[in-house]
Amino acid sequence: MAVSATTLTPAKVKKSSSLGMAWRRFLSRKWAVAAGIFILLEIMIAIFAPVIAPYDPYYSDYTATYQKPNAKYLLGTDDMGRDVLSRIIYGTRVSYSVGVLSQVCIVIIGLPIGAIAGLIGGWVDYVTMRVIDVLSSIPGMLLYILLMVALGGGSGNVFQALSNIILAMSLTGWIGIARLVRGQVLSLKESDFVRAARSMGADNTWIIKTHILRNALTPVVISMTLGVPGAMFGEAGLSFLGLGIAPPTPSWGQMIGIYQSFARTWPHLILYPALVLAVTMLAWILLGDGVRDALDPNIRM
Amino acid sequence: MDELLLEINNLQTEFKLNQGTVHAVNGVSFKLNKGEVLGIVGESGCGKSVTALSVMRLIEAPGRIKAGEMLFHGEKGVTDLLKLSPTDMEQVRGNQMSMIFQDPMTSLNPVLTIGYQIMEPLKIHRKMAEEQAQATAVKLLERVGIPEAALRLKDYPHQFSGGMRQRVMVAMAVACSPRLLIADEPTTALDVTIQAQIIDLINELKDEFGTAVIIITHDLGVVAEIANQVSVMYAGYVVENGPVQQIFEAPRHPYTKALMGSIPRLHSWPERLTTIEGAPPSLTDRIVGCPFQPRCQFRIERCASENPGLMPIATGHTCACWVAGHE
């Protein structure tokens, strides 16, 4: 829809690859680009947290607890005198690892299941879909909580906790991707171009490889991008409930969970992590929208 | 000269649905010579497209080809296409025979380049390497009238108009110089000026590659322009079969007559065009007698109980009618 002038110049269009065209379409969406830059920035912050953070996020200064934002502690200090800004910066690491890795795991599980169900059809499809129906009838958060309790929660070391969270999310989250891929495969199987390819003598392997999976991939990428904020929010929810990342390792959700008990007296404590979480989620959603518009080849038909 | 290419005998295709079995094609038979053009005409739902898909063996569940014989005179002698294994059939499709579909807007994969899709049959059947396939694709695109063909190989279908996409489809279909080209309403989705161009293109390519063509359409004008032979279908049956001139000038079957009567003519202006009263029969019911009999104004008693079947009435002209057969 918003097509920039450059994409309309025929000479340029001719030389472009599909990714190049998608990239230009993406660049023409200002909010998506801004969100992308913001996310890149946060990723840099997560990687270089020790360099960027002004203080050690684990260091408690008991002489300076509950400080309001000031020149020394930019976002104030918490109940144990730890620097809130530094804790938020380190919390980025948790949110991004959970957000991105859980989506990768979800696709690894969901894509083949959905593709097999759609391609084989018949009873394989029927059984898969009934399993998915049963799983999706259980509220997602409830399932996370049960799985986290079963897996031993967030106690122990950080990596154990992170992998538990990612596992819990993947075990429930693959449903969406599987359903999406199955639907795509089913409709692509019946599409005119697959029939046309068959009439050219293409065999099943060729059709699945070049016509079905390639077309089904675009919505998967879009769904991955849009799934990241959901996973981040899931982690925040678990940590808020005390089932996610255990203190002292900082995570945004866990900070919100702990600080909400002081919200009446020191509301600034809960404000910053909540704000960062909200803005990050918004950025991912905007990026996801941009990616969707950029990758959907039908948009300029 | 009249070398036989394809002989279809008693082809029957049905679709088993929950609501009952749809008898889409009920014993269709026809012959096609090398280099000739057969037009299959009939109204929507008469089994034209299902016949074409059956010949390509592209009928998918819940449909199946129940009976029949499809003798194809290929390079390696006569083969019954219905007896080929799916893998052997893949060797035939796109190579010995290929198909053009109705809607060029959806028949090309939107995420692959035009070049990639034209090279598809070349790579599958001719086992061409990338460079050779590319050069052939450029030649094909130039042949079907795409300007700047070399540049356009890297374009995507959405950068092409409907007429150009149909040209690409034609290029893909003739890529391996097939002996038989089936065009299933190739012009229905295009506007009139483009229709004529595509028909001309098919006509030229047919002579160039020595390809026989089965053209399926409800546009009698297209048939008059391109076909040598015409098969008129009704409710899954062939009701009349003959050389194009005879069908147009002296149609014998009441249905064909009615069809011809409903074409607007250039030089006469009747008050109203003729219409055929009634509706075609439901294909889920077993048809007893002549399928057209309930709508036919010439029917006799025998029509209701006995299906006439095709009977010869002139050289190369057959007609399934008790009345016309005994005129």
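The values are calculated or read from the model by the stated rules, or taken from the named source; none is laboratory data. Not measured: the values here are computed from a predicted model. FYI the Cβ positions are ideal-geometry reconstructions off the backbone, even for glycines, and counts take in every protein chain you see.
At-a-glance table
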| read-out | value |
| --- | --- |
| Residue in region A:202-212 that is away from chain B (no Cβ under 12 Å), over 18 Å from B:GLU90 (Cα atoms) and either without any contact (Cβ under 8 Å) to a residue 60 or more places away in the chain or in a helix (DSSP H, G or I) (or both) present | no |
| Residue list for region B:109-134, filter: more than 30 Å from B:ASP80 (Cα to Cα), buried (at least 23 other Cβ atoms within 10 Å of the Cβ) and within 11 Å of another protein chain (Cβ to nearest Cβ) | B:ASN109 |
| Condition broken by B:THR256, with the remaining ones in (1) polar (S, T, N, Q); (2) out of contact with any Cys (no Cβ under 9 Å at 6 or more places or on another chain); (3) modelled with pLDDT of 85 or more satisfied | (2) |
| Exclusive hit being hydroxyl-bearing (Ser, Thr, Tyr) and out of contact with any Pro (no Cβ under 9 Å at 6 or more places or on another chain), set B:THR211, B:THR256 | B:THR256 |
| Test set (1) closer than 28 Å to A:LEU217 by Cβ; (2) modelled with pLDDT under 90 - B:VAL192 fails condition number | (1) |
| Residues that are assigned to a helix (DSSP H, G or I), over 18 Å from A:ALA196 (Cβ atoms) and more than 8 Å from every other protein chain (Cβ to nearest Cβ), drawn from region B:135-176 | B:ALA135, B:THR136, B:VAL138, B:LYS139, B:GLU142, B:ARG143, B:ALA149, B:ALA150 |
| Extreme residue, nearest to the other protein chains (Cβ to nearest Cβ), among residues of region A:186-201 that are of a type in the set (S, T, N, Q) and under 14 Å from B:GLU60 (Cα atoms) | A:SER199 |
| Residue among B:GLU277, B:GLU249 that is at pLDDT 85 or above, surrounded by fewer than 17 Cβ atoms within 10 Å (Cβ to Cβ) and farther than 25 Å from B:GLY20 by Cα | B:GLU249 |
| Among residues of region A:151-170, those that are farther than 19 Å from A:PRO248 by Cα and at pLDDT 85 or above, counted | 5 |
| Residues located in region B:89-108, provided they are part of a loop (DSSP other than H, G, I, E, B), facing another protein chain (nearest Cβ under 7 Å) and not aliphatic (A, V, I, L, M) | B:GLY94, B:ASN95, B:PHE101, B:ASP103, B:THR106, B:SER107 |
| Checklist (1) within 17 Å of the chain's Cα centre (by Cα); (2) crowded, with 23+ Cβ neighbours inside 10 Å; (3) of a type in the set (A, V, I, L, M) applied to B:ILE199, failing item | (2) |
| Strands (runs of 3 or more DSSP E) fully within region B:1-51 counting 3 or more residues that are β-branched (Val, Ile, Thr) | B:20-33, B:37-41 |
| Residue in region B:162-170 that is more than 30 Å from A:GLN184 (Cα to Cα) and at pLDDT below 90 present | no |
| Residue within region A:135-146 that is in a helix (DSSP H, G or I), more than 30 Å from A:TYR90 (Cα to Cα) and within 14 Å of chain B (Cβ to nearest Cβ) present | no |
| Residues satisfying the stated conditions in region B:52-88, i.e. in contact with a helix residue (DSSP H, G or I) (Cβ under 7 Å, 6 or more places away or on another chain), surrounded by fewer than 19 Cβ atoms within 10 Å (Cβ to Cβ) and either part of a helix (DSSP H, G or I) or within 8 Å of chain A (Cβ to nearest Cβ) (or both) | B:LEU58 |
| Those residues of region B:76-94 which are in contact (Cβ under 8 Å) with a residue 24 or more places away in the chain and closer than 27 Å to B:ASN228 by Cα, in sequence order | B:LEU81, B:LEU82, B:ARG93, B:GLY94 |
| Lone unmet requirement of (1) surrounded by 22 or more Cβ atoms within 10 Å (Cβ to Cβ); (2) within 19 Å of A:LEU119 (Cβ to Cβ); (3) away from every other protein chain (no Cβ under 11 Å) for A:ILE165 | (2) |
| Boolean, A:HIS268 is in contact with a Pro (Cβ under 7 Å, 6 or more places away or on another chain) and either assigned to a helix (DSSP H, G or I) or surrounded by fewer than 23 Cβ atoms within 10 Å (Cβ to Cβ) (or both) | yes |
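Residues checked against (1) touching a Phe, Trp or Tyr at 6+ places or on another chain (Cβ under 7 Å); (2) without any contact (Cβ under 8 Å) to a residue 24 or more places away in the chain:
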| residue | (1), (2) |
| --- | --- |
| B:GLN246 | no, no |
| B:ALA250 | no, yes |
| B:TYR255 | yes, no |
| B:GLU277 | no, yes |
| B:THR284 | no, no |
| B:PRO291 | yes, no |
| B:CYS296 | no, no |
| B:ARG302 | yes, yes |
| B:ILE313 | no, no |
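For every residue, the table says whether it meets (1) more than 28 Å from the chain's Cα centre (by Cα); (2) charged (D, E, K, R).
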site	(1), (2)
A:ASP56	no, yes
A:ALA71	yes, no
A:MET80	yes, no
A:TYR90	no, no
A:TYR96	no, no
A:SER102	no, no
A:ILE109	no, no
